[in-house]
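Visitor: Structure below; questions to follow.
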Amino acid sequence: MLKTSKINLILFLVVIGIILVPLIFMGDSEFGGADGEAEGVILEIAPDYEPWAEPIWEPPSGEIESLLFSTQVAIGAGTIGYIIGMIREKKKIASNR
Amino acid sequence: MKKKNYLLLVVLLLLLSTPGVSHAMHIMEGFLPAKWAIFWAIVSLPFLIIGLRKINKVFKDDVNSKVLLGLAGGFVFVLSALKIPSVTGSCSHPTGVGLGAILFGPTIMTVVGTIVLLFQALLLAHGGLTTLGANVFSMAIVGPIVSYIIYKGLKKTQVNKSFTVFIAAAVGNLATYVVTATQLSVVFQDPVTGLMGSLAKFLSVFAVTQIPLAIVEGLLTAIIYNLLVEYNSRGVINVENI
């Protein structure tokens, strides 16, 4: 039986592999958003459709947008790191007893 | 013919002049007619209310469940912000709701998913307020329910537990995008091929892009699950549903 950490490492490497494959083999693609493409399909099917609402606020630039997206990741990753760390410490304290 | 070319030019200009308005997968602001926006909001509301009640119970519960809920919530935050390139040459993102659905049941993830969708609609112009109900239904209701049912179903069998989690999260993720494609094709039916024609088009945009990402989501969910199983077996954390 493999150790959990080893299995997880393998799984993680597979994740990285899946992400890298399109970047390496399809380097000339645009890699735009899938919902942007859906918008294209909508305009193709119903060219007269007018979106009746606009986002209340839009990030003024791609930089600000990536700032906000990374903030979202930071909040999530910080939480996960804190909790996993807490559980690990509990484990250490428990085993030292 | 001339008119068509002109239209194409306008569309192209519009697309060029609004770069980065929308990325990834949710239905964009204003892209569902009002009656559909209201319909999906009404459909989603009961799930949200049940979820809120359940979350209240979790908060009254021991520290242990709160910790796990924090973990599941953090997981959704991270995964739904990671826009990952796919083999179709476009990007989309995982949802991350599978983990929480397995640990807490689907409706609690409706609440967590709604929070993330609100964050993205208000601050990132990603998804939207008028389409919130529809997006909640696909990502925070159907996705988690599918994950939950698959996990419950396979749990009793001999299938490897990590693999069960992988399948549950991956298929739940795919289900989200199938629902999104369906929601769009009901509204935007192809004038020639009708509902099925539209569905094929939207599915080809969303679902094919999503397959590798569903696998990524399944693997990442399995990684966290493996960690929890190990901590659970050592008695440092108590996970009931594992």
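The values are calculated or read from the model by the stated rules, or taken from the named source; none is laboratory data. This structure is a prediction, so every number in the text was calculated from the model and none was measured. Please note: Cβ atoms are built from the backbone with ideal geometry, for glycine as well, and neighbour counts cover all protein chains shown.
Visitor: Select from the range B:39-67 the residues that are over 13 Å from B:T110 (Cβ atoms), at pLDDT below 95 and assigned to a helix (DSSP H, G or I) and list them in ascending order.
Guide: B:N56, B:K57, B:V58, B:F59, B:K60, B:V63, B:N64, B:S65, B:K66, B:V67 - these are the residues of the range B:39-67 that are over 13 Å from B:T110 (Cβ atoms), at pLDDT below 95 and assigned to a helix (DSSP H, G or I).
Visitor: Continuing with the same structure: Looking at (1) hydrophobic (A, V, I, L, M, F, W, C); (2) out of contact with any helix residue (DSSP H, G or I) (no Cβ under 6 Å at 6 or more places or on another chain); (3) assigned to a helix (DSSP H, G or I), can you tell me which one A:L2 breaks?
Guide: (3)
Visitor: So which residues in the range A:48-81 are more than 8 Å from every other protein chain (Cβ to nearest Cβ) and either under 19 Å from B:F77 (Cα atoms) or assigned to a helix (DSSP H, G or I) (or both), if there are any at all?
Guide: A:E63, A:I64, A:S66, A:L67, A:T71, A:A74, A:G81
Visitor: Among the listed residues B:I211, B:I215, B:I224, identify the single one that is modelled with pLDDT of 90 or more, surrounded by 18 or more Cβ atoms within 10 Å (Cβ to Cβ) and under 17 Å from the mean Cα position of the chain (by Cα). Write out each step before concluding.
Guide: Working: B:I211 fails: surrounded by 18 or more Cβ atoms within 10 Å (Cβ to Cβ); B:I224 fails: under 17 Å from the mean Cα position of the chain (by Cα).
Result of the check over B:I211, B:I215, B:I224: B:I215.
Visitor: May I pose another question? Go through the range B:188-228 residue by residue and tally those that are under 18 Å from B:S147 (Cα atoms) and within 9 Å of chain A (Cβ to nearest Cβ).
Guide: Going through the range B:188-228, the residues under 18 Å from B:S147 (Cα atoms) turn out to be B:207, B:210-226, B:228.
Applying the additional criterion that residues be within 9 Å of chain A (Cβ to nearest Cβ) yields B:210, B:212-213, B:215-216, B:219-220, B:222-224, B:226, B:228.
Count: 12.
Visitor: Looking at the range A:81-94, can you tell me whether even one residue there is within 20 Å of the chain's Cα centre (by Cα), without any contact (Cβ under 8 Å) to a residue 12 or more places away in the chain, within 29 Å of B:S198 (Cβ to Cβ) and loosely packed, with under 15 Cβ neighbours inside 10 Å?
Guide: First pass over the range A:81-94, keeping only residues within 20 Å of the chain's Cα centre (by Cα): A:81-84.
Now drop any that are not without any contact (Cβ under 8 Å) to a residue 12 or more places away in the chain, which leaves A:81-84.
Still in the running and within 29 Å of B:S198 (Cβ to Cβ): none.
Checked the range A:81-94: no residue is within 20 Å of the chain's Cα centre (by Cα), without any contact (Cβ under 8 Å) to a residue 12 or more places away in the chain, within 29 Å of B:S198 (Cβ to Cβ) and loosely packed, with under 15 Cβ neighbours inside 10 Å.
Visitor: Does B:V171 satisfy being part of a helix (DSSP H, G or I), closer than 13 Å to B:G96 by Cα and either of a type outside the set (D, E, K, R) or touching an Asp or Glu at 6+ places or on another chain (Cβ under 9 Å) (or both)?
Guide: On the way: part of a helix (DSSP H, G or I): yes; closer than 13 Å to B:G96 by Cα: yes; either of a type outside the set (D, E, K, R) or touching an Asp or Glu at 6+ places or on another chain (Cβ under 9 Å) (or both): yes.
Judged against the criteria, B:V171 is a match.
Visitor: With B:G70, B:G74 as the choices, which residue is within 8 Å of another protein chain (Cβ to nearest Cβ), part of a helix (DSSP H, G or I) and out of contact with any Gly (no Cβ under 8 Å at 6 or more places or on another chain)?
Guide: On the way: B:G74 fails: out of contact with any Gly (no Cβ under 8 Å at 6 or more places or on another chain).
Every option except B:G70 fails the conditions.
Visitor: If B:V112 passes every condition in (1) within 14 Å of the chain's Cα centre (by Cα); (2) surrounded by fewer than 24 Cβ atoms within 10 Å (Cβ to Cβ) but one, which one does it miss?
Guide: Only one criterion is unmet by B:V112, namely (2).
Visitor: Another question, if that's okay. Of everything in the range B:183-242, what is closer than 30 Å to A:N96 by Cα, free of Cβ contacts under 8 Å to residues at least 12 places away in the same chain and in a loop (DSSP other than H, G, I, E, B)? Give them in sequence order.
Guide: The answer is B:R234, B:G235, B:V236, B:E240.
Visitor: Show me the helices (runs of 4 or more DSSP H) entirely contained within the range B:99-160 in which 2 or more residues are closer than 25 Å to B:A222 by Cβ.
Guide: The qualifying helices (runs of 4 or more DSSP H) are B:106-123, B:143-155.
Visitor: Hey, another quick one. Being surrounded by 17 or more Cβ atoms within 10 Å (Cβ to Cβ), of a type outside the set (K, R) and within 25 Å of B:A207 (Cα to Cα) narrows it down to one residue among B:G89, B:G51, B:G153, B:G143; which is it?
Guide: On the way: B:G89 fails: surrounded by 17 or more Cβ atoms within 10 Å (Cβ to Cβ); B:G51 fails: within 25 Å of B:A207 (Cα to Cα); B:G153 fails: surrounded by 17 or more Cβ atoms within 10 Å (Cβ to Cβ).
On inspection, the qualifying residue turns out to be B:G143.
Visitor: Every residue in the range A:10-28 that is more than 8 Å from chain B (Cβ to nearest Cβ), surrounded by 11 or more Cβ atoms within 10 Å (Cβ to Cβ) and more than 19 Å from the chain's Cα centre (by Cα), please.
Guide: A:I10
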